[in-house]
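*Asks:* Here it is, the structure, as structure tokens.
Read-outs throughout are calculated quantities, based only on the coordinates presented, and are distinct from any laboratory measurement. If you're wondering where the values come from, they're calculated on a predicted model, not measured in any experiment. All Cβ positions, glycine included, derive from the backbone under ideal geometry; neighbour counts span all protein chains shown.
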Amino acid sequence: MLAGCATVPAQPITSVRFAAAKLPRGVDRSNRDLAEDFLDLTFALESGEELDGLLRYEAPIRVHVTSPELEPYRGDLEELLARLRNEAGIDIALTEDAAKAQIAIEAVPASEINRVYPTAACFIVPGERGWKSFLRGRPDARLRWSAQTELKGAAIFLPVDTTPQDVRDCLNEELTQALGPANDLYRLPDSIWNDDNFHGIATSFDMLMLRTLYRPELKSGMSREQVAARLPKLLDRTNPAGRGKPRQARNPESRAWGGAIETALSRSTPTKRRQESAEIATQIAAEMRPVDHRLAVSLLTLGRLDLRRDPAAAARDFSEAYQLSREKFGVNDIRTAQAGVHVAALALGTGQYKAAVRLADLHVPAAQAGQNAILIAGLLSIKAQALFELGETEAAQEARLDSLRWARYGFGDSDGALAREQAQIAALMRLEDG
């Protein structure tokens, strides 16, 4: 699709890196709503199982990386640990001594992870030390979250044969959840603990939850009622931005919506069933009052599945998802940027080149703040082609090189992965053929 600016200078396409994340401290929402979120994150699991007591580490936490394949990600891990120390106030650091570590991080082939947990890209096992011992143990003998009264240790298993972006996202999600908030909630718009995977790094919300969890007023083993009694004053201290704010109407978790969207996103499920599930998810989300981010997630999923079957409907879905996200979150949000790349591709595919450039420029900053290299690469690739079509060859070449640099960071050195990135954008452009 980028034939016009496909001739790239002979110099190597060097990768780039994100600067350390600098996110606002605190969350501008009612502390009473945040208290409910905290309790649901720390006293329940994704399966619906309830926990009797609060779980956290009561001693300094040391992290050991057991696999040499993860050495390229040491910088990313150290930056995350620094954020946990500075933003959440947790005593956590790397150690080279496996015997002194509470949390072990090990690389495992994606096929092995898929064999154990077909729907998981990466996962945590409490009380475990490594992959071999995990496989040797009987499933019914493994330590459960609900069987603990205090966190003592865990193993995190990450795939080695996926994109670097996926590994970094897994590091953020699994390490932060290994510290105590073990639940995932689709209703949370601004958290990495949401299986819609729009956020790739721990957010201000996530750091607030962890900072609250590790305050001295709370201890492992406290009941939900005991924690709930202390949260109002505790959150007022840890989150002044939410002090005195009124509660907002919002929808609870919907297991029906969660099941439908998970089926729609499952690549192992037949396409027809995925499309039907996406339609169901869209219907459920549209009936929520007030409508929230789950409708935009549903529409984007449905639109991607309908690209070939009904491109005009897909265009409408993308446009509606984008409008919803802009109204709810503004232009400087990763959710709006994720919808914006689809609309920018629509503009490019229908000859609205100036609009495509404008949309790319508008949403690259949010993609950078969210440290999503693949999204940045997609937006810049669209911008490059639009600039070429406008006759701005030099600017197009610069944008194209920037796109390839970010794609190299997001996808690694795999030419196949880079090709897939281009194919995804090309599929969006084919909407004009409908």
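*Asks:* Using the alpha-carbon atoms, what tilt in degrees (0 to 90, nearest 10) does helix 353-369 show relative to the longest principal axis of the chain?
*Replies:* With rounding to tens, the tilt is 20 degrees.
*Asks:* Can you give the convex hull volume of the alpha carbon atoms of the range 147-222 per residue, in Å³? Mind dumping the intermediate values first?
*Replies:* Numbers: hull volume 8.3 nm³, N = 76.
Hull volume normalised by residue count: 109 Å³.
*Asks:* At q = 0.07, 0.08, 0.09, 0.14 Å⁻¹, what is the log10 ratio I(q)/I(0) for the chain, with the Debye formula run over Cα points and no solvent?
*Replies:* For the chain, the Cα-only Debye profile gives -0.35, -0.47, -0.59, -1.41.
*Asks:* Give me the one-decimal nm value for the distance between modelled label points at residue 100 and residue 229, 7 Å along each residue's Cα-to-Cβ direction.
*Replies:* 4.0 nm
*Asks:* Helix 415-429 versus the longest principal axis of the chain: what angle, 0 to 90°, nearest 10, using Cα atoms?
*Replies:* 60 degrees
*Asks:* As I understand it, the dipole of the chain uses +1 on the Cβ of Lys and Arg and -1 on the Cβ of Asp and Glu, about the Cα centre. Which of 231, 123, 26 lies farthest toward its positive end?
*Replies:* Positive-most Cα among the choices belongs to 231.
*Asks:* As a test of the formula, what do you get for the chain when each DSSP H run with n ≥ 4 contributes -39,500 (n - 2.57) and the sum is divided by the residue count, at 222 nm and rounded to the nearest 500 deg cm²/dmol?
*Replies:* Working: 16 runs with 222 residues, N = 434.
One gets -16500 deg cm²/dmol as the mean residue ellipticity at 222 nm.
*Asks:* GluC sites (Glu not before Pro) within the range 223-297: which are DSSP loop residues with at most 13 other Cβ atoms inside 10 Å?
*Replies:* Values: sites: 225, 253, 262, 276, 279, 287; in loops: 253, 287.
When the GluC sites (Glu not before Pro) of the range 223-297 are filtered for loop state and at most 13 Cβ neighbours within 10 Å, 287 remain.
*Asks:* Further question on the same structure: With axes computed from alpha carbons, what is the tilt in degrees of helix 224-238 against the longest principal axis of the chain, rounded to the nearest 10 within 0 to 90?
*Replies:* Between the helix axis and the principal axis of the chain, the angle is about 60 degrees.
*Asks:* For the range 31-242, give the magnitude of the charge dipole about the Cα centre (Cβ charges: +1 Lys/Arg, -1 Asp/Glu; no others), in debye to the nearest 20.
*Replies:* Rounded to the nearest 20 debye, it is 740 debye.
*Asks:* Who wins for biggest fluctuation among 250, 335, 211 in a Gaussian network model of the chain, springs between alpha carbons below 10 Å?
*Replies:* Result for the chain, Cα springs under 10 Å: 250 fluctuates most.
*Asks:* Taking Cα atoms of the range 44-95, Rg/Rh with Kirkwood Rh, to two decimals?
*Replies:* Details: Rg = 14.4 Å, Rh = 13.2 Å.
So for the range 44-95, dividing Rg by the Kirkwood Rh gives 1.09.
*Asks:* For the chain, build the charge dipole from Cβ charges (+1 Lys, Arg; -1 Asp, Glu) around the Cα centre, then report which of 270, 312, 194 sits farthest towards its positive end.
*Replies:* Towards the positive end, the residue furthest out is 194.
*Asks:* Sticking with this one: Below 8 Å between Cα atoms, with a sequence gap of 6+, how large is the relative contact order for the range 81-173 in percent? Don't skip to the end; give the middle numbers.
*Replies:* Working: 106 pairs, mean separation 31.9, N = 93.
After rounding, I find 34 percent.
*Asks:* Work out, in µm²/s and without decimals, the Stokes-Einstein translational diffusion coefficient of the range 93-190 at 20 °C, 1.002 mPa s, Rh from Kirkwood over C-alpha pairs.
*Replies:* On the way: Rh = 14.3 Å.
Result for D is 149 µm²/s.
*Asks:* Let me ask something else. Points 7 angstrom from Cα along the Cβ direction at residue 160 and residue 133: gap in nanometres?
*Replies:* Going from the residue 160 label point to the residue 133 one covers 2.0 nm.
*Asks:* What's the whole-number percent of alpha carbon pairs in the range 31-242 lying beyond 20 angstrom? Before the final figure, lay out each step's value.
*Replies:* Values: 12543 of 22366 pairs.
So the pairs more than 20 Å apart make up 56 percent of the total in the range 31-242.
*Asks:* Over all Cα pairs of the range 305-362, how is the pair count split among 5 Å bins, expressed in % and running from 0 up to the last occupied bin?
*Replies:* Histogramming the range 305-362 at 5 Å steps yields 4, 22, 27, 26, 15, 6, 0 percent.
*Asks:* Normalised by the number of residues in the chain, what is the relative contact order in percent for Cα pairs under 8 Å and 6+ residues apart? Each step should come with its number before you reach the end.
*Replies:* Values: 714 pairs, mean separation 76.6, N = 434.
Relative contact order here is 18 percent.
*Asks:* By average Cβ neighbour count within 10 Å, what is the ranking of 82-94, 382-394, 63-75 from highest down? If you can, show how the numbers build up before the last one.
*Replies:* On the way: 82-94: 17.5, 382-394: 20.2, 63-75: 15.6.
Ranking, from highest mean packing down: 382-394, 82-94, 63-75.
*Asks:* For the charge dipole of the range 68-108, defined by +1 on Lys and Arg C-beta atoms and -1 on Asp and Glu C-beta atoms about the Cα centroid, which residue among 102, 68, 86 has the Cα displaced farthest towards the positive pole?
*Replies:* Final value for the positive-end residue is 86.
*Asks:* Given 25 °C and 0.890 mPa s, compute D for the range 72-136 with the Stokes-Einstein relation, Rh being the Kirkwood radius over Cα pairs; round to the nearest whole µm²/s. Don't skip to the answer; put the middle values down first.
*Replies:* On the way: Rh = 13.8 Å.
Here the translational diffusion coefficient equals 178 µm²/s.
*Asks:* Once both labels are modelled 7 Å past Cα along the beta-carbon direction, what's the residue 50-residue 241 spacing in nm?
*Replies:* It is 3.2 nm.
*Asks:* Which lysines have a Cα less than 25 Å from the Cα of residue 233, not counting those fewer than 8 places away in the same chain?
*Replies:* List returned: 219, 245.
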